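Read-outs throughout are calculated quantities, based only on the coordinates presented, and are distinct from any laboratory measurement. All values derive from a computational prediction rather than experimental measurement. No Cβ is skipped: glycine too gets one built from the backbone with ideal geometry, and neighbour counts run over all protein chains shown.
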Amino acid sequence: MLKVGLTGGMGVGKSHVCKIFTQLGCYVFDADQVARDVVNPGKLGYEKVVAEFGQEILNSDGTIDRAQLGQIIFNDKTKREKLNELLHPIIIDEQNKLMLEVLAKDPQAIVIMDAALMIETGSYKRFDKLIVVFCDQETQIERVIKRNGFSRDQAEVRIKTQMPTEEKRRYADIEIDTSSSYEQTDKRVREVYQELRALATLHNSPF
């Protein structure tokens, strides 16, 4: 099994790239979705977060009020770090569980974990290869405006809060530039897939 990390800034086209990889037969997981799943009621992450932050972060149906929790952690660095400390090991364990399930049924699989902050958290080091998806800055700004309904200023501010594209690219084993057409992007994804397929065939490490 070949474990691949995939990352990039907002608006660069990661979702489209992941969709094409899925169509080609890769097992693609969204790290953000995994992080949401581990704090569902009945899960260990849920229990730890409620024990730490109290019943006031719960909705009337018992689920975690993400907006309320967000208000707490984004205004308090210590609490934000505490939340990460509680959930990071659980999230990593859940990702490993998903990858092991794939390994059990398909030892030659290509598994791709899509995570926006993979470089920032250092979790990219767990993977055999790192793909960085990027596009030119103007295209990125236009996509964020269209997708989120932001003004240009709002889009630029959001983009500037993230690690600069050029810095992300320094970590890349493989790059996918989505600046041009869907057709060109899809062609590049298929090229990368063939490269990964060859690596997966040669990759003997089970996990």
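Of note:
- Percent RCO, i.e. relative contact order, over the chain, from Cα pairs under 8 Å lying at least 6 residues apart: 38
- Within the chain, DSSP assigns beta bridges of which about 5% are antiparallel (rounded to the nearest 5).
- When the listed pairs Lys43/Lys82; Lys79/Lys146; Lys77/Lys97 are checked against a 26 Å cut-off, the alpha-carbon distance exceeds it for Lys79/Lys146; Lys77/Lys97.
- Proximal lysines relative to Lys187, as straight alpha-carbon distance under 17 Å, when same-chain residues fewer than 8 apart are discounted: Lys14, Lys19
- Translational D in µm²/s for the stretch 30-107 (Stokes-Einstein at 37 °C, 0.692 mPa s, Kirkwood Rh from C-alpha pairs): 245
- Mean Cβ count within 10 Å, highest first, over the residues of peptides 192-202, 23-33: 23-33, 192-202
- Distance between the pseudo-spin-label points of Glu166 and Thr63 (7 Å out from Cα toward the beta carbon): 4.3 nm.
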